[in-house]
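All remarks here apply to the structure that follows.
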Amino acid sequence: MNIILLGPPGAGKGTQAQRLFDRHGLRQLSTGDMLRAAVKAETPVGLQAKAVMAAGELVSDAIVSALIGDELDALGPGQGAIFDGYPRTAPQADALDAILAERGLRLDHVIELDVDEDALVERITGRFTCAACGKGYHDRFEQPVVAGTCDKCGGHDFKRRPDDNELTVRTRMAEYRAKTAPILPIYEARGIVSHIDGMAPIDTVTAAIEAIIAAG
Ligand code: AP5
């Protein structure tokens with residue numbers, strides 16, 4: 001099974017992708033995570049992407065599509081994927097079609113998380129993660145049980161993404177409206193799009209995704 005999770009920054013794509021991995025073993029292919037790893041490792045791709053990401057703009061289509069192709073090739077036989085943050089433009093949607101076709105794969109679902117953008121700014125600017133294990137937290141919605149200590153691994157270092165400030169988040173949202181939302185009709189024409197209320201509690205969103213998968 002191969003699923004695209006679509007939605008503006010902070011809609012909950014990464015949160016739900018982790019749950020799909022836990023429940024179904026579907027591999028999360030997040031172009032944002034791949035690019036952040038490249039920036040950290042200071043690879044040629046990372047050096048190109050760093051300033052673009054810091055501004056909230058989109059990295060070139062060719063770079064992200066190459067990353068996705070490589071990650072798909074690393075999957076185990078028959079393992080499905082969740083595309084998180086990809087495709088984000090019409091050329092990326094075309095590239096994904098070609099990448100899947102070359103490998104004899106197909107898309108089963110495109111799930112869009114519908115959200116209120118102003119509420120998302122609070123979600124994003126308040127989030128932070130454990131530097132050791134990556135567990136996500138939020139200043140208002142999900143603090144560690146013991147302040148300063150990760151619930152999952154006991155780590156004491158936490159980090160925030162450099163692009164999680166209000167100005168950059170607004171740019172990322174504008175990019176979504178201008179370049180990503182317009183690709184939905186491509187998939188609607190194929191009858192594989194479902195819309196979910198992404199403002200519902202996290203468990204409710206998960207249940208709605210599970211219902212879509214169960215319906216086939
Ligand atoms: P990327 O890393 O993909 O960021 P994004 O799309 O902006 O999405 P986020 O990771 O910010 O949000 P999310 O939807 O995963 O939400 P999350 O689950 O964390 O991209 C970053 C940058 O990389 C881009 O700006 C671009 O420069 C570049 N890039 C990446 N892919 C690219 C591509 N294909 N082409 C070109 N450039 C690309 O949730 C957010 C918070 O809300 C968390 O704290 C969570 O706990 C909480 N939360 C989640 N769901 C709920 C809920 N239902 N109720 C309450 N709280 C919730």
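The values are calculated or read from the model by the stated rules, or taken from the named source; none is laboratory data. Predicted model, so just to flag it, every value in this text is computed and none were measured. The area values use the complete protein model at the heavy-atom level, side chains included, leaving out ligands, DNA and RNA. Shrake-Rupley method; radii C 1.70, N 1.55, O 1.52, S 1.80 Å.
Summed over the residues of the chain and divided among them, the accessible surface reaches 50 Å² per residue at a probe radius of 1.4 Å. For region 174-216, the percent of C-alpha pairs falling in each 5 Å distance bin, counted from 0 to the bin holding the largest distance, reads 5, 19, 19, 20, 23, 13, 1. Reported to the nearest whole Å, the Cα centre-to-centre distance from region 1-68 to region 170-216 is 16.
Working note: Cα atoms of the chain, range along each principal axis, descending, whole Å: 48, 41, 35.
When only Cα pairs under 8 Å and 6 or more residues apart are kept, what is the percent relative contact order across region 72-203? Don't jump to the answer; show the numbers that get you there.
Details: 117 pairs, mean separation 43.9, N = 132.
Worked out over region 72-203, it gives 33 percent.
For the chain, which whole-number percentage of the solvent-accessible area (1.4 Å probe, protein heavy atoms only) is attributable to carbon and sulfur atoms? Walk me through the intermediate numbers first.
Working: 5840 of 10730 Å².
Solvent-exposed carbon and sulfur of the chain make up 54 percent of the total.
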